[in-house]
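The block underneath contains the structure these notes are about, expressed in structure tokens.
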Amino acid sequence: MDCKEVKETLYDFLTGRLKDDELQKVNAHMTHCEHCQKDLDDLKRTLALLDTWKAPELSPGFRAGVLESIEERESRRPAAVIKRTIEWILQPPRLKRPLQGLAVVAMILLAFTVYRGLSPGPDRTMRDLPSPVKVIGAENPIVVEVKDINDALDGLRKIIEVHHGSLVRRRPVEETLEVTFTLAKDREEKLIGDLGQLGTVHTIKPGFKDGEGNLVVVLKKK
């Protein structure tokens, strides 16, 4: 084996994936090649570093907030491309190669920067939302306590689709996620009953619609 061939097998060499004949060739090459031995040592240190790295814990509604911000604002790059990139980043990473691990770290930091730049600040008002008229929020939105906000959002979207509703907007509010959607009046009672599939539904009071007549549900982590 020459140096190029050996370098292509270093990761498999360290993880015990080489066949016996390949392993013998790599070992034989290592005995007289200082350059490849140095590359092997560097790779060991890289893998050791990745073993100590832990993914940062994302705040509730982070994924939904990032995607919502992308939908609300234009950016220099096509929104669809950024959206697919962010969705890929937020999937559970499976590191097959050490360089992939470093790429995941870099992309998460990039996503966080994009999110901070695009997401609304704490003093953002309803007038900032993309709406043709000023929207008056719901006085008593329906609150549902859930184990995981992202999973609950996926479940809520399915429930809305089953009842032929349409998602209007969603936005993170402190540690909750506010979801606004339209629904035919004769479907409201059945949909509210289905909210129990997501988690614990707080006592429902009048005033769970906004100024446009849309239903407002707040997903809150238990």
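The values are calculated or read from the model by the stated rules, or taken from the named source; none is laboratory data. Here the structure is a predicted model, which means the values were calculated and not measured. Backbone-built Cβ (ideal geometry, glycine too); neighbour counts: all protein chains shown.
Here's the yes/no breakdown for (1) in contact with a helix residue (DSSP H, G or I) (Cβ under 8 Å, 6 or more places away or on another chain); (2) in a helix (DSSP H, G or I):
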position: Phe13; (1), (2): yes, yes
position: Glu22; (1), (2): yes, yes
position: Ala28; (1), (2): no, yes
position: Cys36; (1), (2): yes, yes
position: Asp39; (1), (2): yes, yes
position: Ala48; (1), (2): no, yes
position: Glu57; (1), (2): no, no
position: Ser69; (1), (2): yes, yes
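Listed here are the residues, each with its yes/no results for (1) within 27 Å of the chain's Cα centre (by Cα); (2) surrounded by 15 or more Cβ atoms within 10 Å (Cβ to Cβ).
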site	(1), (2)
Ala152	yes, yes
Ser166	yes, no
Phe181	yes, yes
Asp186	no, no
Leu198	yes, yes
Thr203	no, no
Asn214	yes, yes
Val218	yes, yes
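Number of residues in the range 150-206 that are touching an Asp or Glu at 6+ places or on another chain (Cβ under 9 Å), in a loop (DSSP other than H, G, I, E, B) and not small (Gly, Ala, Ser) equals 5.
Please find, within the range 130-147, the residue that is surrounded by the most Cβ atoms within 10 Å (Cβ to Cβ) out of those that are at pLDDT 90 or above and assigned to a loop (DSSP other than H, G, I, E, B). Among residues in the range 130-147 that are at pLDDT 90 or above and assigned to a loop (DSSP other than H, G, I, E, B), the one surrounded by the most Cβ atoms within 10 Å (Cβ to Cβ) is Pro141. If I filter the range 62-74 for residues that are loosely packed, with under 10 Cβ neighbours inside 10 Å and either modelled with pLDDT under 75 or under 29 Å from the mean Cα position of the chain (by Cα) (or both), do I get at least one hit? Yes, some residue in the range 62-74 is loosely packed, with under 10 Cβ neighbours inside 10 Å and either modelled with pLDDT under 75 or under 29 Å from the mean Cα position of the chain (by Cα) (or both).
Within the range 181-201, residues that are more than 16 Å from Leu153 (Cα to Cα) reach partners that are of a type in the set (S, T, N, Q) with beta carbons closer than 9 Å, at six or more positions or on different chains, in the pairs Leu183/Ser166; Leu183/Asn214.
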